[in-house]
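Novice: Quick one: the structure is below, and I'll ask about it shortly.
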Amino acid sequence: HSALSATVAASATGVRTFTATSSQGLMLMHEILPIASGMRLPVVMAVVNRAIAAPINIWVEHNDIMPERDSGWLQVFCDNNQEVLDMVLQSFRIAEDKRVALPMVVNLDAFILSHTVEPVDLMEPADADKFIPKYVAPSPFLDPGNPVALGTLVPPDYVQETRWQVDDAMRKAPKVIEEVNAAFAKQFGRNWGGMIENYMTDDAEVVLVAMGSASATAHEVVDEYRAKGKKVGLVKLRFWRPYPTEQIRKLVSKMKAVGVYDRAVSFGVGGPSYIELRNASYGLSVPTIDFIGGLGGRDLSLADIRLMFDRLLETAKTGKVKREFVWVNTRGVEP
């Protein structure tokens, strides 16, 4: 709470700010998150995705960040540490763009990425400065020549317009994200795909949608199944907010079956990523399945991914969903 409060205050003075947190720390920041977006402050924050209590657990799960999807922050999920590094740099340029002017979260899976040693290509400071020039706030709040009051009560006459402004900025963000991704690729030679990254989807009959490090595991199984002549594909969902609705809808419309891997659960409803995909594909008659697993740091194995693709291929063949919500590798629960 106090860490993000200090970050928000610093950003309000017109300086570039960054912070990091995870799990329960993020829960304590919850009150301040919409303040940062409501004040249109381009704070960048790294979130190491960990399970939230109870029970107490420090391993990977996405249930810590999911409650913040409606807080007005942009969110990107990374599947390796090079992507994390690169996206921190890109995040400042995206968040500080006048068309966006919103805070942004860079998500990385706990332990799998946060505590794993991995070589990365470190850009030269001069090159980084060239990509994100010195930040000049369009209207810093701390300006003695133009004093303003912050945190005051706002009556119903004005609040709704501020909500629309945040929504409008979020809807404009995809264009900025694609532009920044292209600029980064041109300067540094690494292209992360923008909103989503498709792998072997052009002629696929079924696809699996995944976020974070799970997409790297799924990548291997796609190669394995392709070698056997099975038309499977992978969609790495990079941006969680803004959600790539049109891109997902277009992709789903071409498939015989679609699966979503969720490392989180909205109790009694399903996985958050699945809910979003189902919303994006509303009206399409494509069978969809939600695969929930890897919670609390449980390993997501190649065998688990094979189960997902096998179920999708079976569904594509029969046109019928055996089970809409599949709890993967869960004791006492039939998958």
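The values are calculated or read from the model by the stated rules, or taken from the named source; none is laboratory data. Keep in mind that what you see is a predicted model, and the values were worked out from it rather than measured. So basically every Cβ, Gly included, is an ideal-geometry build from the backbone, and we count neighbours across all protein chains shown.
Novice: Return the pairs, sorted by first residue and then second, in which the second residue is among the polar types (S, T, N, Q), the first residue lies in the range 255-276 and is in the same structural domain as residue 214 (by TED's automatic domain parsing), the beta carbons are less than 6 Å apart, and the residues are 6+ apart or on different chains.
Specialist: If the second residue must be among the polar types (S, T, N, Q), the pairs left are 257/315; 258/288; 260/273; 262/273; 264/63; 272/266.
Novice: Moving to a separate point now. Might you let me know whether the range 64-80 holds any residue that is among the aromatic types (Phe, Trp, Tyr), in contact (Cβ under 8 Å) with a residue 60 or more places away in the chain, more than 20 Å from residue 122 (Cβ to Cβ) and buried (at least 21 other Cβ atoms within 10 Å of the Cβ)? Before the answer, list the steps.
Specialist: If we filter the range 64-80 for residues that are among the aromatic types (Phe, Trp, Tyr), which is where we start, we get 73, 77.
Checking the rest, the ones that are also in contact (Cβ under 8 Å) with a residue 60 or more places away in the chain come to 73, 77.
Going one step further and asking which of them are more than 20 Å from residue 122 (Cβ to Cβ), we end up with 73, 77.
Now drop any that are not buried (at least 21 other Cβ atoms within 10 Å of the Cβ), which leaves 73, 77.
Within the range 64-80, one or more residues are among the aromatic types (Phe, Trp, Tyr), in contact (Cβ under 8 Å) with a residue 60 or more places away in the chain, more than 20 Å from residue 122 (Cβ to Cβ) and buried (at least 21 other Cβ atoms within 10 Å of the Cβ).
Novice: Something else now. Among the listed residues 22, 91, 5, which satisfies the condition of being within 26 Å of residue 165 (Cα to Cα), in contact with a strand residue (DSSP E or B) (Cβ under 6 Å, 6 or more places away or on another chain) and either at pLDDT below 95 or polar (S, T, N, Q) (or both)?
Specialist: 91
Novice: Among the residues of the range 184-236, how many are among the aliphatic types (A, V, I, L, M) and not in a strand (DSSP E or B)?
Specialist: Final tally of qualifying residues: 11.
Novice: With 176, 159 as the choices, which residue is in contact with a helix residue (DSSP H, G or I) (Cβ under 6 Å, 6 or more places away or on another chain), assigned to a helix (DSSP H, G or I), within 25 Å of residue 35 (Cα to Cα) and not basic (Lys, Arg)?
Specialist: Residue meeting the stated conditions: 176.
Residue-wise test of (1) more than 23 Å from the chain's Cα centre (by Cα); (2) buried (at least 16 other Cβ atoms within 10 Å of the Cβ).
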| site | (1), (2) |
| --- | --- |
| 243 | no, yes |
| 260 | no, yes |
| 269 | no, no |
| 291 | no, yes |
| 300 | no, yes |
| 303 | yes, no |
| 319 | yes, no |
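Novice: Then there is this: Residue check, residue 259 against (1) over 29 Å from residue 96 (Cβ atoms); (2) not in a strand (DSSP E or B), all met but one. Which one?
Specialist: (2)
Novice: Now for a separate question. Looking for something more than 23 Å from residue 17 (Cβ to Cβ), within 24 Å of the chain's Cα centre (by Cα) and acidic (Asp, Glu) - is there at least one such residue anywhere in the range 144-165? It would help to see each step written out before you state the result.
Specialist: From the range 144-165, those more than 23 Å from residue 17 (Cβ to Cβ) are 153-161, 163-164; that's our starting set.
The next check asks that each one be within 24 Å of the chain's Cα centre (by Cα); those that pass are 163-164.
Adding the requirement that they be acidic (Asp, Glu) leaves none.
No, the range 144-165 contains no residue that is more than 23 Å from residue 17 (Cβ to Cβ), within 24 Å of the chain's Cα centre (by Cα) and acidic (Asp, Glu).
Novice: Listed residues 89, 26, 85; which is surrounded by 22 or more Cβ atoms within 10 Å (Cβ to Cβ), outside the structural domain of residue 261 (by TED's automatic domain parsing) and closer than 28 Å to residue 209 by Cβ?
Specialist: 26
Novice: Inside the range 284-323, can you point out the residues that are in contact with a strand residue (DSSP E or B) (Cβ under 6 Å, 6 or more places away or on another chain) and closer than 23 Å to residue 62 by Cα?
Specialist: Within the range 284-323, 288, 289, 290, 291, 292, 297, 308, 309 meet the criteria.
Okay, residues lined up against (1) under 21 Å from residue 54 (Cα atoms); (2) at pLDDT 95 or above:
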| site | (1), (2) |
| --- | --- |
| 251 | no, yes |
| 265 | yes, yes |
| 272 | yes, yes |
| 276 | no, yes |
| 285 | no, no |
| 311 | no, yes |
| 326 | no, yes |
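Novice: Another one. Within the range 1-65, which helices (runs of 4 or more DSSP H) (wholly inside it) include 2 or more residues that are within 18 Å of the chain's Cα centre (by Cα)? Explain how you work it out, then say what you get.
Specialist: Details: elements: 2-12, 23-29, 33-38.
Counting at least 2 such residues, we get 23-29, 33-38.
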